[in-house]
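Please read the structure below before turning to the comments.
The values are calculated or read from the model by the stated rules, or taken from the named source; none is laboratory data. All figures in this text were calculated on a predicted structure; none of them were measured in a lab. Because the Cβ atoms are built from the backbone with ideal geometry, glycine has one as well, and the counts that use them run over all protein chains shown.
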Amino acid sequence: MNAPFLWHNGQIKPWAEATVHVSAHALHYGSSVFEGERVYATPQGPAYFRLDDHTRRLFESARMYEIDIGYTPEQINSACLDVIVANRMPSAYVRPIVFRGAGGLGVLPSEGSPVDVSIMALNWGAYLGDAIEHGADVGVSSWNRPAPNTHPTWAKAGGNYLSSQLIAFEARRGGYAEGIALGYNGLLSEGAGENLFLVRRGKLLTPPTSAGILAGITRDTVLTLAADLGIPCEERDLPREALYSAEEVFMTGTAAQITPVRSVDRKDVGNGKPGPVTRQLQQAFFGLFDGRTEDRWGWLTHVRTAVSEQEAA
Ligand code: PMP
């Protein structure tokens, strides 16, 4: 699945050459921050979706954990472009990661301890497979998302994904494609790797960013597209039972994109098929990449154009 070349600490290298020592701090203490981004094949060639927003979140995550990335956001953006060019990829899932490397085993990292930065590209299709067409069967997890003042869920940190793994393992054991977690207060939070939306009485609803969620970029995209399409939407606290009385439920994420949910806890959502609002938003979203939806927000960074602009500068 991986592309032959990646970017590692300032250089394009063959995939196999980017290795790490077993004493790396991140391996022991979860001190990594990362991003998941997509490059879409557009009529003008490969284009990053919301690259600046992903890079901004990467820097915000690093700041929360006092990790000095050692490169500027512009350098990270340009490295992301280089990875696509080096691999000649028409589309990709891209994974930048910043982590504390090998520099001692103290939990408190010593001053100036090493930080490694890598950017990998993968050929990754729809995360939950054909659920993007037919809808996913999901279950509510017995694991809650972290409470406020525990692990910051706005940071996309490696350690946060221990919570996601518990939710996903339990979902798989229960025969579900994905698990949905409640927050510390018993209200809806998010999926193991996706934000959650539902449609009730024609209105699009999603838990607020204070609900122990990652403030997803796809979530923000859907809220923006919905407003543009005149679909009423509201970010608000929602109880678990809102899932059982919803007309439609779907999940969003860079990997999952917009994945309809057809059942929750083995109860059908609506008539058990992706609903009209979900379809309309999927069309608007995927239309950004084939040109049917005009990119009025400047969300696309065309790889070739950006690279030739850099070379000219
Ligand atoms: N929540 C979690 C826990 C995630 O891992 C992701 C995927 N990055 C999301 C939400 C969705 O975020 P985004 O749309 O920015 O990919």
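Do any residues in the stretch 151-174 that are not assigned by TED's automatic domain parsing to the domain that holds GLU35 have Cβ atoms under 9 Å from those of residues that are part of a helix (DSSP H, G or I) and near the ligand (Cβ under 10 Å from one of its atoms), where the two are at least six apart or on different chains, and which pairs are they?
Here the result reads HIS151/ASN160; HIS151/SER163; PRO152/ASN160; THR153/ASN160; THR153/SER163; TRP154/ARG57; ALA155/ARG57; LYS156/ARG57, each pair linking the stretch 151-174 to a residue that is part of a helix (DSSP H, G or I) and near the ligand (Cβ under 10 Å from one of its atoms).
Could you run through the stretch 3-36 and say how many residues are over 20 Å from VAL115 (Cβ atoms) and surrounded by 14 or more Cβ atoms within 10 Å (Cβ to Cβ)?
Residues in the stretch 3-36 being over 20 Å from VAL115 (Cβ atoms) and surrounded by 14 or more Cβ atoms within 10 Å (Cβ to Cβ): 3 in total.
Looking only at the stretch 54-77, decide whether some residue is over 16 Å from ALA121 (Cα atoms), of a type in the set (Lys, Arg) and buried (at least 16 other Cβ atoms within 10 Å of the Cβ).
Yes - at least one qualifying residue is present in the stretch 54-77.
Of everything in the stretch 170-190, what is more than 13 Å from the ligand (Cβ to nearest atom) and not hydrophobic (A, V, I, L, M, F, W, C)? Give them in sequence order.
GLU170, ARG172, ARG173, GLY174, GLY175, TYR176, TYR184, ASN185, GLY186
Taking the condition touching a residue at least 24 places away in the same chain (Cβ under 8 Å), assigned to a helix (DSSP H, G or I) and away from the ligand (no atom under 16 Å from the Cβ), does ALA41 pass?
Taking the combined requirement at face value, the residue does not satisfy it.
Can you tell me which of VAL22, VAL33 is hydrophobic (A, V, I, L, M, F, W, C), within 16 Å of the ligand (Cβ to nearest atom) and in the same structural domain as GLY101 (by TED's automatic domain parsing)?
VAL33
Does the stretch 115-146 hold any residues that are free of Cβ contacts under 8 Å to residues at least 60 places away in the same chain, surrounded by 17 or more Cβ atoms within 10 Å (Cβ to Cβ) and either farther than 30 Å from GLU241 by Cβ or acidic (Asp, Glu) (or both), and which are they?
The one that is free of Cβ contacts under 8 Å to residues at least 60 places away in the same chain, surrounded by 17 or more Cβ atoms within 10 Å (Cβ to Cβ) and either farther than 30 Å from GLU241 by Cβ or acidic (Asp, Glu) (or both): VAL115.
What number of residues within the stretch 191-226 are of a type in the set (Lys, Arg) and either near the ligand (Cβ under 8 Å from one of its atoms) or not assigned by TED's automatic domain parsing to the domain that holds THR259 (or both)?
1
List every residue pair whose Cβ atoms lie under 6 Å apart, where the two residues are 6 or more positions apart in sequence or sit on different chains, the first residue falls within the stretch 285-312 and is outside the structural domain of ASP82 (by TED's automatic domain parsing), and the second residue, located anywhere, is acidic (Asp, Glu) and at pLDDT 95 or above.
LEU288/ASP295
If you scan the stretch 239-258, which residues turn out to be more than 16 Å from the ligand (Cβ to nearest atom) and not in a strand (DSSP E or B)?
Across the stretch 239-258, the qualifying residues are ARG240, GLU241, ALA242, LEU243, TYR244, SER245, ALA246, GLU247.
Any residue in the stretch 246-272 that's free of Cβ contacts under 8 Å to residues at least 24 places away in the same chain and farther than 15 Å from ARG200 by Cα: show its pairings with residues that are of a type outside the set (Gly, Ala, Ser) and more than 16 Å from the ligand (Cβ to nearest atom) at Cβ separation under 6 Å, as long as the two are six or more apart or on different chains.
Here the result reads LYS267/TYR244, each pair linking the stretch 246-272 to a residue that is of a type outside the set (Gly, Ala, Ser) and more than 16 Å from the ligand (Cβ to nearest atom).
Need the failing condition index for LEU188 against (1) within 15 Å of the chain's Cα centre (by Cα); (2) free of Cβ contacts under 8 Å to residues at least 60 places away in the same chain, just the number.
Of (1) within 15 Å of the chain's Cα centre (by Cα); (2) free of Cβ contacts under 8 Å to residues at least 60 places away in the same chain, only one is false for LEU188: (1).
Any residue in the stretch 54-74 that is of a type in the set (Lys, Arg), within 16 Å of the ligand (Cβ to nearest atom) and not in a loop (DSSP other than H, G, I, E, B)?
yes
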